[in-house]
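Q: Mind having a look at this structure? Questions to follow.
The values are calculated or read from the model by the stated rules, or taken from the named source; none is laboratory data. Just so you know, these numbers come straight off a predicted model, no measurement behind them. Methodologically, a virtual Cβ is constructed for each residue, glycine included, from the backbone with ideal geometry; neighbour enumeration extends over all protein chains shown.
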Amino acid sequence: MVTDPLPTDATPLDPIPARTPTPSRGFPCPSCGAAMAYDPARSALACAACGHARVLPPPTSDEQAQALREQDYLEALRRLAAREPSLDLRVVDCRSCGAQLQLEGHVVGSRCAFCASPLLLDQAHTERVLKPQALLPFALDPGAAQKVFAQWVGSRWFAPNALKQTVSRADGIRGVYVPWWTYDAQTATTYRGERGESRTEEDNQGRIRRTVDWSFVSGAVAVPFDDILVVGSPSVPEHLARVLDGWDLRRLRPPAPELLAGFTVEVYRHGLEQGFTQARERMEPAITAAIRRDIGGSDQRILERQTVVDDIRFKHVLLPVWIGSYRFGAKAYQVVVNGQSGEVEGDRPYSAVKIALAVLLVAVLLALAWLLGNRPGG
Ligand SMILES: [Zn+2]
Ligand SMILES: [Zn+2]
């Protein structure tokens, strides 16, 4: 067994306040006064101090319809441009990573949920933003998320042993509702191009050659898009965002304050228009494929195309993410757990000692194999 001494530059994790660092303004426990938080396992508002719990009623069909309703894109841009006061929201910025966190309606911890830097809550300010219409409640409670986190770390090759102690602490992981946009749109594309029909023929040396006969074509395709998901913030690093696909959006609910209790809510930094630009880019491959199908033949050339995008609709939703951040040595690392599915992805340090020992072991084995292979008379 390889034992790995604690590297001299390894520092233990900062004591990061957990999910209920400040007394709840929203939901004090009726029996003991402690802060209550949403408990995914029981769909209840629960008190960790005394065990008191209030089960939340399921949303009414009206509320559910409201959560799933697509909003008109151009109308929302107009409201933003008109700076309607109904869009005002109190937010606090993280000075260190730039995350923008919602201060209203629930409690924000005294540290940033993404980078664990202290938040200056007295420097909150007002932003005019579109408010989320729905959220996916957390399905994984803190204990389950912590387990996923610890298992992930435990299964990393070449991780320093001290890392496992670092993340086994119960306060290493924080629940954040991250802002997302979903877009629907109708597209109509006219194109000009060429259809190729390939045939094979034998040349005078008996070789089979493939030739393509091209003919001019033009036409139009209509491609509808539904629920293209675009993340509204750069807070989750792109290389970790792989686990943040594949949401079951049928479970969207109105963002009741009870569901937010105990979690951080991030406010978008990539706005409605910026999000749509990304969504629009993602439509291109599907439109190209539709044109190719429409052209038919064995080969296709698209010479010219023009797309009109119409009836753009969107939803602004919050999706549940557990973020673990830890410091190891001088460096900060992040781990992301999908709060609905439990999928996990993260950054991790490598143990130089373990890697060196493994390299040494391989070198010894290679040397042995070489010696055995070159035995005189062998
Ligand atoms: Zn209580
Ligand atoms: Zn931060």
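Q: Could you count how many residues in the range 265-298 are more than 28 Å from residue 218 (Cβ to Cβ) and aliphatic (A, V, I, L, M)?
A: Adding up the residues that qualify gives 3.
Q: Another question, if that's okay. Looking at the range 302-310, can you tell me whether even one residue there is crowded, with 21+ Cβ neighbours inside 10 Å and touching an Asp or Glu at 6+ places or on another chain (Cβ under 9 Å)?
A: no
Q: Out of the range 233-285, which residues are part of a loop (DSSP other than H, G, I, E, B) and farther than 29 Å from residue 347 by Cα?
A: Answer for the range 233-285, where residues must be part of a loop (DSSP other than H, G, I, E, B) and farther than 29 Å from residue 347 by Cα: 252, 254, 255, 256.
Q: For the range 84-110, which positions are in a loop (DSSP other than H, G, I, E, B) and modelled with pLDDT of 85 or more?
A: Listed by number, the residues that qualify are 94, 95, 96, 97, 98, 99.
Q: Out of the residues in the range 38-71 that are aliphatic (A, V, I, L, M) and in contact with a Cys (Cβ under 8 Å, 6 or more places away or on another chain), state the one that is farthest from ligand 1 (Cβ to nearest atom).
A: So, considering only residues that are aliphatic (A, V, I, L, M) and in contact with a Cys (Cβ under 8 Å, 6 or more places away or on another chain), the one farthest from ligand 1 (Cβ to nearest atom) is 53.
Q: Residue 292 is checked against (1) over 26 Å from residue 44 (Cβ atoms); (2) loosely packed, with under 13 Cβ neighbours inside 10 Å and fails just one. What number does that condition carry?
A: (2) is the only condition that residue 292 fails.
Conditions tested, residue by residue: (1) over 23 Å from the mean Cα position of the chain (by Cα); (2) among the charged types (D, E, K, R); (3) under 19 Å from residue 255 (Cα atoms).
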residue	(1), (2), (3)
70	no, yes, yes
74	yes, no, no
79	yes, yes, no
90	yes, yes, yes
93	no, yes, no
101	no, no, yes
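Yes or no, residue by residue, for (1) in a loop (DSSP other than H, G, I, E, B); (2) within 16 Å of ligand 2 (Cβ to nearest atom); (3) of a type in the set (Gly, Ala, Ser); (4) modelled with pLDDT of 90 or more:
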{"position": "5", "(1), (2), (3), (4)": "yes, no, no, no"}
{"position": "11", "(1), (2), (3), (4)": "yes, no, no, no"}
{"position": "15", "(1), (2), (3), (4)": "yes, no, no, no"}
{"position": "21", "(1), (2), (3), (4)": "yes, yes, no, no"}
{"position": "38", "(1), (2), (3), (4)": "no, no, no, yes"}
{"position": "74", "(1), (2), (3), (4)": "no, no, no, yes"}
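Q: Identify the residue in the range 78-129 that is among the basic types (Lys, Arg), touching a residue at least 40 places away in the same chain (Cβ under 8 Å) and touching a Pro at 6+ places or on another chain (Cβ under 9 Å) and, among all such residues, is farthest from ligand 2 (Cβ to nearest atom).
A: The selected residue is 128.
Q: In addition: Check the range 227-246 and report whether any residue there is in contact with a helix residue (DSSP H, G or I) (Cβ under 7 Å, 6 or more places away or on another chain) and either within 16 Å of ligand 1 (Cβ to nearest atom) or closer than 23 Å to residue 88 by Cβ (or both).
A: yes
Q: Looking at the range 111-130, which of the residues that are touching a helix residue (DSSP H, G or I) at 6+ places or on another chain (Cβ under 7 Å) and not in a strand (DSSP E or B) is nearest to ligand 1 (Cβ to nearest atom)?
A: The qualifying residue nearest to ligand 1 (Cβ to nearest atom) is 129.
Q: Determine, yes or no, whether residue 280 is under 22 Å from the mean Cα position of the chain (by Cα) and charged (D, E, K, R).
A: Against the criterion (under 22 Å from the mean Cα position of the chain (by Cα) and charged (D, E, K, R)), residue 280 qualifies.
Q: I would also like to ask the following. In the list 266, 258, which residue meets the criterion of being within 16 Å of ligand 1 (Cβ to nearest atom) and within 30 Å of residue 44 (Cα to Cα)?
A: Values: 266 fails: within 16 Å of ligand 1 (Cβ to nearest atom).
From the options 266, 258, the qualifying one is 258.
Q: Which is more than 22 Å from residue 311 (Cβ to Cβ), acidic (Asp, Glu) and loosely packed, with under 11 Cβ neighbours inside 10 Å, of 88, 62?
A: Answer to the check: 62.
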